[in-house]
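Asks: Got a structure for you, written out below as structure tokens; questions coming shortly.
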Amino acid sequence: MADSALIQVESLSKAFGLRVVLRGVSFKVGRGELIALLGANGSGKTTLLRILATLSQPSGGSVVIGGWQLPKESAAVRGQLGVVTHLPLLYDDLSAMENLRLYAELYNLPQELGTAALQARLSDSLARVGLAKRTNDRVRTFSRGMQQRLALARAVLHDPAILLLDEPYTGLDAHGSALLDSLIAEWQAQGRTIIAALHDLPRAAALCKRALILGGGKLAADLPMPDPESLIATFNALTPS
Amino acid sequence: MRRTSFSRAVIAVARKDLRAEFRSRLLISAMGLFALLTTMIFYYTLESRPEARRAVLPAALWVTVTFAGTLGIGRSLAAEHDRGTLDGLMLSPVPRSALYFGKLAVAWLFTLIVALVVTLALSIVFNTNLLRLDWVLIAALGTLGFAAIGTLLGSMAVYARSRETTLPILVLPVALPIITAAVNAAHGVLDNQPFEEWIAYPLLLASVDVVFLALAYLLFDFVLEE
């Protein structure tokens, strides 16, 4: 990876009290890469993504995103990030449109786009995730899968350069999963950099070009994506249960 | 990307809280019910001591408002934490203190509403007119300071395992100067004391409000760090 990497992580460590979750993790991510972040439950995937998302501070090491050092310059980085977690980060008592509008306001979109363009973007976003007919329904009435689809629309509303996806397939049925597959392909074609924490190894092998495997809080492997069988064998060898 | 202005972010967060509460009515109904029940308990326990009622009225109001406010602020922040929406707000490129002031604005409004409802209830059950401008001004100053410190410490308490007990333990000692000053000022109003004899208390309230707001502005970023 060249030094012009978009994301540079060096000797990253994170501890919660005496419990060390990440130890000496280092890797670089180039612009436009699509990376699968793999590891057993509790291996530190979510913690790593939360640090990259500026939601958590590292205990040691350094993280640089787009030339900005975390956590010192977190505010500058946030506008470049789109984040999907296993929770949808939505308000139950607001409608789908109201939820998106809230996030649009926090990302300054009304001023950047103007009223008409913003309205078009909000409507397009809902249509793209198949929620055009539920625009004014409260999120409380949505199934878990529909909430996750709305969360995907929320994450890319401000056109971020980097997407951090933590178990993005949570709650999605077969149609929803296929939709997310196509969205990820679309986002990559648009040049976005994507890091996705995934449990489904065959899906990771099909989607991504590179795999980072965490084991025992360390980066156990950083490899070009092999075929599904080899990935499963490598994963099992590196992350014994 | 140009960042959203501080005031726009505050308004967006406050409007979101108001809209959600207008639909669910979870917070205001819980706070209001709690406050009215507490008022009734004060009324029945003081029924046989009419001479003590007047002396107890200001304390009854502020004890009720303090506990109802703690309940409401705790619930509001706990809901943000449990649904992950606090993370959603923190991911946005706005100053985190803007998130604080948005949450504070609604916490203050709800606590002030509770204070006014309890004032009305106390006026009715104790047959004393408390809905006066000076009383309302004291309520506004007192609830602002309480909401300021409650929102700040509540944002810390949501990460605690036993947050329902952690929040009152954190808030009540720190809010003591506010409660004491508000009760003393309310006594001055209730006893029709000359203005200059009790004006020090509203001034103290205003000063404490400024200190708490400034502290929250400076500290809120660190409060939310994981």
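What follows draws every value from the coordinates through simple rules; no lab data is involved. Keep in mind that this is a model prediction, so the values were computed, not measured. All Cβ positions, even for glycine, are placed from backbone atoms using ideal geometry, and neighbour counts span all protein chains on display.
Asks: At 222 nm, what value in deg cm²/dmol follows for chain A if DSSP H runs of at least 4 each add -39500 (n - 2.57) and the sum is divided by all its residues, to the nearest 500?
Replies: After summing the helix terms and dividing by residue count, I get -11000 deg cm²/dmol.
Asks: Still on this structure, please answer the following. Output ³J(HN,Hα) for the stretch A:163-168: one whole-Hz value per residue in order, computed from phi by the Karplus curve 6.51 cos²θ - 1.76 cosθ + 1.60 with θ = phi - 60°, and x for Gly and Pro.
Replies: Along the stretch A:163-168, the couplings run 10, 10, 10, 9, 6, x Hz.
Asks: Same structure again: Along the stretch A:111-122, what does the Karplus equation 6.51 cos²θ - 1.76 cosθ + 1.60 (θ = phi - 60°) give for ³J(HN,Hα), rounded to whole Hz, x for Gly and Pro?
Replies: Those phi angles translate into 6, 6, 9, x, 4, 5, 5, 5, 4, 5, 5, 5 Hz.
Asks: Give the longest segment of chain B that steers clear of trypsin sites (Lys or Arg not before Pro) in DSSP loops with at most 12 neighbouring Cβ atoms within 10 Å, not counting the sites themselves.
Replies: Here the longest segment lacking exposed loop sites spans B:26-160.
Asks: Please go through the stretch A:15-51 and write out the trypsin sites (Lys or Arg not before Pro) that DSSP classes as loop and that have at most 10 other C-beta atoms within 10 Å.
Replies: Passing both the DSSP loop test and the Cβ count: no residue.
Asks: Work through the residues other than residue A:159 whose Cβ is under 10 Å from its Cβ and net out their charges, Lys, Arg +1 and Asp, Glu -1.
Replies: Around residue A:159, the surrounding residues sum to +1.
Asks: Let me check I've understood the local charge: for residue A:238, count other residues with C-beta under 14 angstrom from its C-beta, Lys and Arg +1, Asp and Glu -1. What total comes out?
Replies: Neighbourhood net charge equals +1.
Asks: Also, quick follow-up: Suppose every K and R has +1 on its Cβ and every D and E has -1 on its Cβ; what is the size of the dipole of chain A about the Cα centre, in Debye to the nearest 20?
Replies: Using only the charged Cβ atoms, the result is roughly 360 debye.
Asks: Which of the lysines could be linked to residue A:218 by a straight reach, that is with a Cα gap under 25 Å, when you skip same-chain ones fewer than 8 residues away?
Replies: The reachable lysines, counting only those whose Cα sits under 25 Å from residue A:218, are A:14, A:28, A:45, A:72, A:209.
Asks: Could I ask something else about it? If we restrict to alpha carbons, what Rg and Dmax does the stretch B:6-223 come to, in Å?
Replies: Calculated on Cα positions, Rg and Dmax stand at 17.5, 58 Å.
Asks: Sticking with this one: What are the residues whose amide H is under 5 Å from the amide H of residue A:218, where those residues sit 5 or more places off or on another chain and H is modelled from the backbone?
Replies: A:23
Asks: Separate question: If the viscosity is 0.692 mPa s and the temperature 37 °C, what translational diffusion coefficient in µm²/s does Stokes-Einstein give for the protein assembly as shown when Rh comes from Kirkwood over Cα pairs?
Replies: 135
Asks: Tell me which residues come under 5 Å, amide H to amide H, from residue A:12 once H is placed; ignore anything under 5 positions away on its chain.
Replies: Distant-sequence amide H within range of residue A:12: A:24, A:25, A:26, A:62.
Asks: Name the residue farthest towards the positive end of the dipole of the protein assembly as shown from the options B:216, B:98, A:205, assuming +1 on Cβ of Lys and Arg, -1 on Cβ of Asp and Glu, about the Cα centre.
Replies: In the protein assembly as shown, that residue is A:205.
Asks: Still on this structure, please answer the following. Please give the Cα centre distance for the stretch A:108-161 versus the stretch B:16-60, rounded to the nearest Å.
Replies: 41
Asks: Convert each backbone phi in the stretch A:209-226 into a coupling constant with the Karplus relation 6.51 cos²θ - 1.76 cosθ + 1.60 (shift: θ = phi - 60°), then list the ³J(HN,Hα) values in order as whole Hz, x for Gly and Pro.
Replies: Karplus-based 3J(HN,Hα) across the stretch A:209-226 equals 9, 8, 10, 10, 10, 9, x, x, x, 10, 7, 6, 7, 9, 9, x, 5, x Hz.
Asks: For n ≥ 4 DSSP H runs only, could you compute -39500 (n - 2.57) per run for chain B, divide by its residues and tell me the 222 nm figure to the nearest 500?
Replies: -29000 deg cm²/dmol
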